[in-house]
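This report refers to the structure that appears directly beneath it.
Coordinate-derived values only; no laboratory data. What you are looking at is a predicted structure, and each value in this text was computed from that prediction instead of being measured. Counting neighbours? That spans all protein chains shown, and the Cβs are built from the backbone with ideal geometry, glycine included.
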Amino acid sequence: MPKKKIITLAVIPARSGSKGIKNKNLRKINGKSLIGYAADIAIKSKLFDFIAMSSDSIKYKKEIKSYKKNIDFVIRNKKLSSDKANSLDVWRDTIKQIEIKYKVKIDISMLIEPTNP
């Protein structure tokens, strides 16, 4: 019996409403945004079948789409974009949205935080 392919997902959470540094995920270090670094890590690892960035910002969507076209953008609802939202809930929501979009079951996923390159 053939083995089932394990489906993998990288989730890049990038909320725009930071209280400390506005749009910190778009800040550039050596000419590349923090979300660009997170995307590079996910792509270069070659570990993931899907890569998705979860955000509440159209600016972030434009940044990630101009950077790499093979990254899905998942829009967050208001509840998941608040200061009280936690990464685990965002992670779960992103997995659910990708599973629905592609009609797959994600077996393994990893959170790649832009602010912790």
Using a Cα-Cα cut-off of under 24 Å, which lysines could be cross-linked to residue 32, ignoring same-chain neighbours fewer than 8 residues away?
19, 22, 24, 44, 46, 59, 61, 62, 65, 68, 69
For segment 14-25, just list the computed ³J(HN,Hα) in residue order, Karplus coefficients 6.51, -1.76 and 1.60, θ = phi - 60°, integers in Hz, with x standing in for Gly and Pro.
8, 7, 8, x, 5, 7, x, 10, 4, 6, 4, 5
At R0 = 30 Å, FRET efficiency that the Cβ-Cβ distance of residue 104 and residue 30 yields, to 0.05
0.30
Under 5 Å between amide hydrogens, which residues at least 5 positions from residue 54 or on another chain qualify, with H placed 1.01 Å from N in the peptide plane?
12, 14, 74
Give me the angle, in degrees from 0 to 90, between the Cα long axis of helix 34-45 and the longest principal axis of the Cα atoms of the chain, rounded to the nearest 10.
20
Before rounding to the nearest 500, sum -39500 (n - 2.57) across all DSSP H runs of length at least 4 in the chain and divide by the residue total; then give [θ] at 222 nm in deg cm²/dmol.
-10000 deg cm²/dmol
Plugging the Cβ-Cβ distance of residue 4 and residue 45 into 1/(1 + (r/R0)^6) at R0 = 30 Å yields, to the nearest 0.05, a FRET efficiency of 0.90
For q values of 0.10, 0.17, 0.22 Å⁻¹, compute log₁₀ I(q)/I(0) with the Debye formula on a Cα-only model of the chain, without solvent.
-0.28, -0.79, -1.30
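Counting every Cα pair in segment 26-78, what percent are over 19 Å apart?
Numbers: 323 of 1378 pairs.
So the pairs more than 19 Å apart make up 23 percent of the total in segment 26-78.
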In whole angstrom, note down how far apart the Cα centers of segment 14-75 and segment 90-115 are.
15
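Volume per residue, Å³, of the convex hull around the alpha-carbon atoms of segment 57-117? Can you show the working numbers first?
Details: hull volume 6.8 nm³, N = 61.
Per-residue hull volume (Cα only) is 112 Å³.
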How far, in nm, would the chain grow between residue 89 and residue 22 when pulled straight, counting 0.36 nm per residue and subtracting the alpha carbon separation?
21.9 nm
Based on DSSP, what percent of beta bridges with both residues in the chain are antiparallel, to the nearest 5?
15
Excluding same-chain residues fewer than 8 positions from residue 5, which aspartates and glutamates have a Cα within less than 19 Å of its Cα?
49, 99, 107
Using modelled amide H (1.01 Å from N, peptide plane; none on Pro or chain starts), what sits under 5 Å from the amide H of residue 110, excluding residues fewer than 5 places away?
9, 10, 11
